[in-house]
Structure formats: structure tokens, C-alpha cells
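K.L.:
Dropping a structure here in C-alpha cells format, bear with me for questions.
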Amino acid sequence: MTAGEGLTRVSDAELEGLLRALYKARFELPLTRQTLLTMGLHGLADHGSVLIGLDARGLKAVLVAVLAERRVARGLSV
């Protein structure tokens, strides 16, 4: 990942999958790259370094914000 890219290369499906898994407490925190690989979230493992090390509160905040921003950009309601 290059500086400034953030989560732009990660699909909504992977972000939503991680958020669902977070709500269901399906993995240990803080988040690690190995956890993402084990969950099959390879796009996040490769391009989601901004999420590594976050606790539940931080992870939820970032995921919800990114997904909401993308929906607004597409003209969808949040």
C-alpha cells in the first residue's frame, strides 16, 4: 500500500464481512494481518494496514465511516 491510499483498494464486501465478524466476535483483537488472512479477507490483509492493531471500538469506527462515505459518494442513503 502506498501512502494516502487508505482502504481504497478494499472491496465493500470485505469491509462489510469484517464488520459482521466484529459484531459476532469471531476473532481476537487487536486485529492482525494473520487474522485477516485466516478469515479469507486477502484484500484487507494486503491493503488494510490502517486497520492492523485496532481494538473493537477503533475498528468499528473506521469500518462504519468508510462504508458510509462510499454509500454517500454513490448517492445512496446511509
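A short reminder: the numbers here are calculations on the coordinates, not readings from a lab. In this text the structure is predicted, and so the values were computed from the model without any measurement. Here the Cβ positions follow ideal geometry from the backbone for every residue, glycine too, while neighbour counts run over all protein chains shown.
K.L.:
Using mean Cβ contacts within 10 Å as the protection proxy, how do 15-28, 36-49 order, highest first?
P.N.:
Details: 15-28: 13.9, 36-49: 17.1.
Packing order, densest peptide first, comes out as 36-49, 15-28.
K.L.:
Over the alpha-carbon set of the stretch 1-72, divide Rg by the Kirkwood Rh and report the Rg/Rh ratio to two decimals.
P.N.:
Details: Rg = 11.1 Å, Rh = 12.1 Å.
Taking Rg over the Kirkwood Rh, I get 0.92.
K.L.:
Right, next: Please identify which residues in the stretch 4-25 have an amide N closer than 20 Å to a label point set 7 Å out from the Cα of S49, following the Cα→Cβ vector.
P.N.:
Only 4-11, 15 fall inside the zone, counting backbone N under 20 Å.
K.L.:
Stretched out fully, how many nm does the piece from T8 to R74 gain, at 0.36 nm a residue minus the Cα gap? Can you show the working numbers first?
P.N.:
Working: separation 66, 0.36 × 66 = 23.76 nm, distance 1.43 nm.
Between T8 and R74, full extension yields an extra 22.3 nm.
K.L.:
Just need the relative contact order of the chain here, percent rounded to a whole number, with Cα pairs under 8 Å and 6+ apart.
P.N.:
Details: 64 pairs, mean separation 28.3, N = 78.
It comes to 36 percent, rounded to a whole number.
K.L.:
Can you compute the charge dipole magnitude of the chain about its Cα centre, using +1 on each Lys and Arg Cβ and -1 on each Asp and Glu Cβ, nothing else charged? Give it in debye, rounded to the nearest 20. Walk me through the numbers before you get to the answer.
P.N.:
On the way: 10 positive and 8 negative charges, 45 e Å.
Here the chain has a charge dipole of around 220 debye.
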